[in-house]
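One structure below.
The values are calculated or read from the model by the stated rules, or taken from the named source; none is laboratory data. Owing to the predicted nature of the structure, the values given are computational and were not obtained by experimental measurement. Every residue, glycine among them, receives a Cβ derived from its backbone with ideal geometry; neighbour counts consider all protein chains shown.
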Amino acid sequence: MHPALHSWREELPATLVRLLAYLGAAGVLSIGAAQFFQSAPVKEAVKPVQRSDWIEIQRPFPAFALSIPEAVDVPAGYAIRRHATGNGRKDILTLGERDTAAPFLQVEIYRPGSEIAAFADATATIAGNAAGMEPVNLQREDEPLASKFGPLAILTFEAAKGTPRRCLAFVREFDEPRLQLSGWFCQGDAFIERSTLGCALDRLTLLAAGSEPKTGALFAQAELHRSYCGQRDTILAPTPKYHLLWKALENRREPRRIGR
């Protein structure tokens, strides 16, 4: 027999044994891996956090004021939000507690940047801004409300989340400057009177226009149309107290008269 053929015949069993050993080891590893991944709990993919387009400014410097002497003892808030990309600004003034049956007033002055091409209509604006209250029965009234800022679109709605409340909302847009005024006045189970809302907005004033002279001109013009809550005479009523504006809304007991 040829020597080369003899060597091949002798080495064949050893090669076959090594091949079978390799295949067996691979099979054992495959079974082990399958058992490991099968027993490990399946973890859900981490969902990315939905970030708001609006950034809350820390320690905001107020540009507007809402002076209601009758509500000097109720909580007041001021927030400024900036759009992350469009640079729009929202100044939000609040008076009262958000989730109670007591009166609560919110006023928002929105000066948009490049984030929007046009303002949403009144219904969409209130539905979006008041989404946290889950507004229901949102209806727009036919007759606007006269105010020092001109006619306001008026809407009514009820808060379905938290304390049941009825609210009177308002919206007004301006082209020069590009500005939107909106908000709502809420209280318990009775709608706010239109005249009460008009009186509250009569108290909205500008503190600082900054680099926006058109905003300053808008508020200066509004002051010329201020009704002083029904009392036009600025000498007789520089800071009038409208009896329905705040404390009467809380249904507080009348103060005791002297001698009783």
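Look at Leu138 and say whether it is surrounded by 14 or more Cβ atoms within 10 Å (Cβ to Cβ), among the aliphatic types (A, V, I, L, M) and either within 15 Å of the chain's Cα centre (by Cα) or closer than 26 Å to Ser52 by Cβ (or both). Lay out the reasoning, then the answer.
On the way: surrounded by 14 or more Cβ atoms within 10 Å (Cβ to Cβ): yes; among the aliphatic types (A, V, I, L, M): yes; either within 15 Å of the chain's Cα centre (by Cα) or closer than 26 Å to Ser52 by Cβ (or both): yes.
So Leu138 fits the description; yes.
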Being of a type in the set (S, T, N, Q) and not in a loop (DSSP other than H, G, I, E, B) is the filter here, so list the residues in the stretch 178-224 that pass it. Gln180, Ser182, Gln187, Ser195, Thr196, Thr205, Thr215, Gln221
For Phe149, only one of the following conditions fails: (1) crowded, with 16+ Cβ neighbours inside 10 Å; (2) touching a helix residue (DSSP H, G or I) at 6+ places or on another chain (Cβ under 7 Å); (3) without any contact (Cβ under 8 Å) to a residue 60 or more places away in the chain. What is its number? (3)
Would you mind telling me which numbered condition in (1) more than 15 Å from the chain's Cα centre (by Cα); (2) of a type outside the set (Gly, Ala, Ser); (3) modelled with pLDDT of 95 or more Gln106 fails? (1)
Taking the stretch 188-221, which residues are surrounded by 12 or more Cβ atoms within 10 Å (Cβ to Cβ), free of Cβ contacts under 8 Å to residues at least 60 places away in the same chain, closer than 24 Å to Gly96 by Cα and out of contact with any Phe, Trp or Tyr (no Cβ under 6 Å at 6 or more places or on another chain)? Phe191, Glu193, Arg194, Ser195, Thr196, Gly198, Asp202
Test for Ile57: is it buried (at least 17 other Cβ atoms within 10 Å of the Cβ) and modelled with pLDDT under 95: no
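Determine which member of the set Lys90, Lys161 is touching an Asp or Glu at 6+ places or on another chain (Cβ under 9 Å), in a strand (DSSP E or B) and basic (Lys, Arg).
Details: Lys161 fails: in a strand (DSSP E or B).
Sole residue among the options that is touching an Asp or Glu at 6+ places or on another chain (Cβ under 9 Å), in a strand (DSSP E or B) and basic (Lys, Arg): Lys90.
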